[in-house]
Amino acid sequence: MTQSSFSETEEQQALRKSVAAMAANYGQDYYLEKARSGQHTDELWAEAGKLGFIGVNLPEEYGGGGAGMYELSLVMEEMAAAGSALLMMVVSPAINCTIISKFGTVDQKKRWLPGIADGSITMAFAITEPDAGSNSHRITTTARRDGSDCILSGQKVFISGIDQAQAVLIVGRTEEAKTGNLRPALFIVPTDTPGLSWTKIEMELVSPESQFQVFLDEVRLPTDALVGSEDAAIAQLFAGLNPERIMGAASAVGMGRFAINKAVDYVKTRQVWKTPIGAHQGLSHPLAQNHIEIELAKLMMQKAATLYDAGDDAGAAEAANMAKYAAGEASVRAVDQAVQSLGGNGLTKEYGIAAAVTASKLARIAPVSREMVLNFVAQNSLKLPRSY
């Protein structure tokens, strides 16, 4: 899609249609059943990988589709719109594969990218620590040299889906790097490596992908676990942030569409007096407003993805942050209005909207909070002085 065009190519339209058709075979009932029974959406993940959807943005030479973030965000949006948003889509093909594709060795690319592309490998991502959330400069997970190996020690928190992953990309720092001057080192750690363990964090979030506290107790790694250069690691880390925000926006846009569709279907047929309640402006106007807000957020998401795929990292950063903010806010409002439109039915399991209330809040918090997005826009777009 060119920057001067607001229509998708025939290939993108066909991809959107194919993803929607696949996701419709699973839907929210499948997603919630898996989540509430403590299972993973293995069947959906495997089929999405087999059909080339997970690896659509990865290089063709490593089994990917050779497309870009626009196409991957499209996949995420359609799956979320069907009620089956997979959080690991943000992590495995978007963050991790972007970093490995750009900075990994040939051996690392050959080992990890094909499996991630076809869905046979899932890779988690670990950056957040108990004392280092938005302020990643406080990271204390440390790698020290021991001959030709590295010994990694530390702790991470709110790490998504590590229990279903074959490896995790861990953000640490070298022993020589001082806290306060971030020089991250990125390590690919297979999840069966001795010394790596995790415990589940109980959440009020209905999701088949759980959150974990991760412990690294003298984890010994070979030198080929290091991704790229230690000196350039800050640039390597930031390379994954724009894709992360674009995918977060895509998920929120999809959830907003899902909620609006649920509400519209209900108010078209629900009658209290002589006409469907959707004829009343007290319901039709808020839903129309939700639709407008979701479409506006989607447009900024598409702009961000287009700029990113064109190699404009600075332009993509501003647009990706704005898209993430707009989509998160619009999604929360859409879900809230859907519950209100259904009345008491909006709080039942049968209609499936109540479960989206907590999930929609995630878009305001992760992968970056709306407050940090506003800081970014204030400092970078408006050139205001930093407050921290």
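The values are calculated or read from the model by the stated rules, or taken from the named source; none is laboratory data. Not measured: the values here are computed from a predicted model. Ideal geometry is used to build each Cβ from the backbone, glycine not excepted, and the neighbour counts take in all protein chains shown. Ligands, DNA and RNA are excluded from the accessible area calculation, which covers all protein heavy atoms including side chains. Shrake-Rupley method; radii C 1.70, N 1.55, O 1.52, S 1.80 Å.
Table for the structure above
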{"quantity": "Charge dipole magnitude, Cβ of K and R +1, D and E -1 - region 256-359, Cα centre, debye nearest 20", "calculated": "600 debye"}
{"quantity": "Global size of region 198-310 as Cα Rg and Dmax, reported in angstrom", "calculated": "22.3, 73"}
{"quantity": "Heavy-atom accessible area per residue - the chain, 1.4 Å, Å²", "calculated": "45 Å²"}
{"quantity": "Kirkwood-based Rg to Rh ratio, region 115-260, C-alpha trace", "calculated": "0.98"}
{"quantity": "Angle in degrees between helix 10-24 and the longest Cα principal axis of the chain, rounded to the nearest 10", "calculated": "80 degrees"}
{"quantity": "Nearest-ten-degree value, helix 27-36 long axis tilted from longest Cα axis of the chain", "calculated": "60 degrees"}
{"quantity": "Inverse of mean 1/r across different Cα pairs in region 34-103, Kirkwood, Å", "calculated": "12.5 Å"}
{"quantity": "Check: region 165-305 dipole with +1 on Lys, Arg Cβ and -1 on Asp, Glu Cβ, in debye", "calculated": "1000 debye"}
{"quantity": "Ratio Rg/Rh [Cα only; Rh per Kirkwood] for region 281-387", "calculated": "1.07"}
{"quantity": "From the C-alpha gyration tensor of region 98-156, square roots of 5λ in Å", "calculated": "25, 17, 11"}
{"quantity": "Inverse of mean 1/r across different Cα pairs in region 1-153, Kirkwood, Å", "calculated": "17.2 Å"}
{"quantity": "Taking the convex hull of Cα positions in region 239-293, its mean projected area over all directions (nm²)", "calculated": "3.9 nm²"}
{"quantity": "Among 366-376, 241-251, 207-217, the order from most to least packed when residues are scored by Cβ within 10 Å on average", "calculated": "241-251, 207-217, 366-376"}
{"quantity": "Helix axis angle, 354-365 relative to the chain longest principal axis, alpha carbon, degrees", "calculated": "50 degrees"}
{"quantity": "HN-Hα J in Hz across region 42-58 - Karplus 6.51, -1.76, 1.60, θ = phi - 60°, x for Gly and Pro", "calculated": "4, 5, 5, 4, 5, 5, 4, x, 4, 7, x, 6, 5, x, 4, 8, 8"}
{"quantity": "With 10 Å bins from 0: P(r) over the chain, alpha-carbon pairs, percent", "calculated": "5, 23, 33, 25, 10, 3, 1, 0, 0"}
{"quantity": "Local net charge near residue 369, Cβ-Cβ under 15 Å (Lys/Arg +1, Asp/Glu -1)", "calculated": "+2"}
{"quantity": "Surface share of carbon and sulfur [accessible, 1.4 angstrom probe, percent] for the chain", "calculated": "52 percent"}
{"quantity": "Linear extension gain, residue 33 paired with residue 273, 0.36 nm per residue minus alpha-carbon span", "calculated": "82.9 nm"}
{"quantity": "Full-stretch length increase - residue 25, residue 218 - with 0.36 nm per residue and alpha-carbon distance subtracted", "calculated": "65.0 nm"}
